[in-house]
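For reference, the structure is listed below as structure tokens.
What follows is calculated from the coordinates using simple rules that are stated; it is not laboratory data. Note that the coordinates shown come from a computational prediction; the quantities given were computed from them, not determined experimentally. For neighbour counting, all protein chains shown are included, and Cβ atoms are generated from backbone atoms with ideal geometry for every residue, glycine included.
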Amino acid sequence: MRLRNLVILVTTFQALFDITGIIVTISCPPCRGVLQLEDVTYDSATEFEDASWTLQSKIYKDYSHIKSSHYSIYVLPHIFSGVVPRMVDGFKCIMADQMVLEYLGDWEKLVGSMKDDPREHIILSLSEAYLKQPKKMMKIEEKLDEALAMRRDFCTNKEEGIIILELVAMAANAVSALLILAISACNKLPRLHIPWMIFSAFEITGNVCVTVAFLIYPGLPYLICMISMTKVMWLKWVWAKTVRRQMHQQIDEHDKFEALNLKLIISRETGI
């Protein structure tokens, strides 16, 4: 009885959790890893024109105002089910954000090395950087502009097919959890625990793969690793300690019941 009550409690939470995931994924773009356009409005360089050092005017690009990372894309989309569709999508937004973070760090390091006084205007450091290391500055700017364009593209749009697959995964998990609730109530058809176990196996495997993939990226991707491993530990506990135990218990009870019926039938036929 205690096991059955625990299964009902856990699967009710799991079903409600996945239903909540469906609702917020449909109604909340940041929860599916999509940034609002206003979040990336200023994701481009501010240009300064300087004609003081050369005969021709020089355009300097200032990236100091750019937001290095958007924390929501590292947390919200990874809380709910649907890790396999996200893996298929390739985490394009996160990779673009990491590229921006890397190249922006290179730009800040190079421009910062030209500053003699932290209070001086950025244009002085930029002009010195362009004068002393023009090729390196142009190379960093080219890579940074490309990474910013990728972030604007990948982080403000998401393929409709991927979103639908995520919703299907959440719905499948919710339905299979509700199925376990029905099985727990009627104590019949124990093998109908298997659909939830299959969907959970996909989630566990996918989250482990995601964790392994992002371990090589220090910093914000570790948030994804923490969320993924928390989900793995939760699903493994639910699998091993509740759902699988109840399934085996119900199968054993069903087999004993069938064996007893068979004995009764044989005793009636043989009179023994």
Worksheet item: Given LYS92/LYS132; LYS92/LYS241; LYS67/LYS136, which pairs have Cα atoms separated by over 25 Å?
Response: LYS92/LYS132; LYS92/LYS241
Practice prompt. Please give the per residue volume of the convex hull enclosing the alpha carbon atoms of the chain, rounded to a whole number of Å³.
Written response: 150
Fill in: Sequence-separation-based contact order of the chain, relative, with Cα cut under 8 Å and 6+ spacing, percent
26
Discussion item. What aspartates and glutamates does LYS115 reach when the alpha-carbon gap must be under 13 Å and sequence neighbours fewer than 8 apart in one chain are set aside?
Written reply: GLU128
Item to complete: Per residue, how big is the convex hull around the C-alpha atoms of the stretch 56-193? Give it to me in cubic angstrom, could you?
Response: 140
Worksheet item: Relative to the first principal axis of the alpha-carbon coordinates of the chain, what is the inclination of helix 92-112, with its axis defined by its Cα atoms, in degrees from 0 to 90 and to the nearest 10?
Response: 30
Item to complete: Before rounding to the nearest 500, sum -39500 (n - 2.57) across all DSSP H runs of length at least 4 in the chain and divide by the residue total; then give [θ] at 222 nm in deg cm²/dmol.
Response: -23000 deg cm²/dmol
Item to complete: Taking the Cα centre of the chain as origin, sum charge times position over the Cβ atoms of Lys and Arg (+1) and Asp and Glu (-1), and report the length of that vector in debye to the nearest 20.
Response: 1560
Worksheet item: What dipole magnitude, in Debye to the nearest 20, does the stretch 154-272 give about its Cα centre under +1 on Lys/Arg Cβ and -1 on Asp/Glu Cβ?
Response: 360
Worksheet item: Which is the longest part of the chain that has none of the chymotrypsin sites (Phe, Trp or Tyr not before Pro) sitting in a DSSP loop with at most 16 other Cβ atoms within 10 Å?
Response: 72-272
Fill in: Coil-residue GluC sites (Glu not before Pro) of the stretch 117-174, DSSP, other Cβ within 10 Å capped at 15
GLU120, GLU159
Discussion item. Give the list, by residue number, of cysteines in the chain with no other Cys Cβ closer than 4.7 Å, or say none.
Written reply: CYS186, CYS209, CYS225
Worksheet item: Could you give the nm distance between label points at GLU102 and LYS136, where each point is 7 Å from its Cα heading toward the beta carbon?
Response: 1.8
Worksheet item: Roughly how tilted is helix 221-237, in degrees to the nearest 10 and between 0 and 90, from the longest Cα axis of the chain?
Response: 0
Response to the item:
Between the Cα axis of helix 194-214 and the main Cα principal axis of the chain, the angle (0 to 90°, nearest 10) is 20
Worksheet entry | Label-point separation, LEU9 to GLN249 (7 Å along Cα→Cβ), nm | 1.3
Discussion item. Through the Karplus equation 6.51 cos²θ - 1.76 cosθ + 1.60, θ set to phi - 60°, convert the phi angles of the stretch 143-158 into ³J(HN,Hα) values in whole Hz; use x for Gly and Pro.
Written reply: 5, 5, 4, 5, 5, 5, 5, 5, 5, 4, 6, 6, 8, 9, 9, 9
Item to complete: Could you list the residues of the stretch 204-227 with an amide nitrogen less than 15 Å from a label point located 7 Å from the Cα of VAL24 in the Cα-to-C-beta direction?
Response: 224, 227
Discussion item. From the alpha carbon gyration tensor of the stretch 119-215, can you work out the equivalent ellipsoid semi-axes (sqrt of 5 times each eigenvalue) and give them in Å, largest to smallest?
Written reply: 55, 14, 11
Worksheet entry | Relative contact order (%) - the stretch 172-229, alpha-carbon pairs under 8 angstrom, separation at least six | 26
